[in-house]
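Only the coordinates and a few stated rules stand behind these numbers; no lab work does. As the structure is a prediction and not an experimental result, all values here were calculated from the model. A quick note on method: Cβ atoms are made from the backbone with ideal geometry, for glycine too, and the neighbour counts reach across all protein chains shown.
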Amino acid sequence: MVTLEELAQALIVFIRLGCVCRFIYTMIRLSGADEEASKYKKRSRNVVLFYILAESIWQIKEIILFYYAK
């Protein structure tokens with residue numbers, strides 16, 4: 001079970017890092033592309049929504065495990 005928890009922790013770290021890198025990339029591309037601005041705004045919004053969804057799922061998992069672990 002410890003290895004599974006370590007794997008889950010590593011996965012959430014990779015998700016966080018990936019979202020940050022993708023958001024920075026889209027902001028850099030947004031600053032340089034005037035005609036494609038709407039496309040990169042939508043992509044950056046999708047990254048933020050994915051991050052919120054991933055964190056929410058992670059917290060719900062933790063709450064469920066805490067509740068049923070007793």
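Quick notes on this structure:
- The range 1-45 - residue that is over 30 Å from residue 65 (Cα atoms) and acidic (Asp, Glu) and, of those, surrounded by the most Cβ atoms within 10 Å (Cβ to Cβ): 36
- Output for the range 13-46, where each listed residue is of a type in the set (D, E, K, R) and either outside any helix (DSSP H, G or I) or over 12 Å from the mean Cα position of the chain (by Cα) (or both): 29, 34, 35, 36, 39, 41, 42, 43
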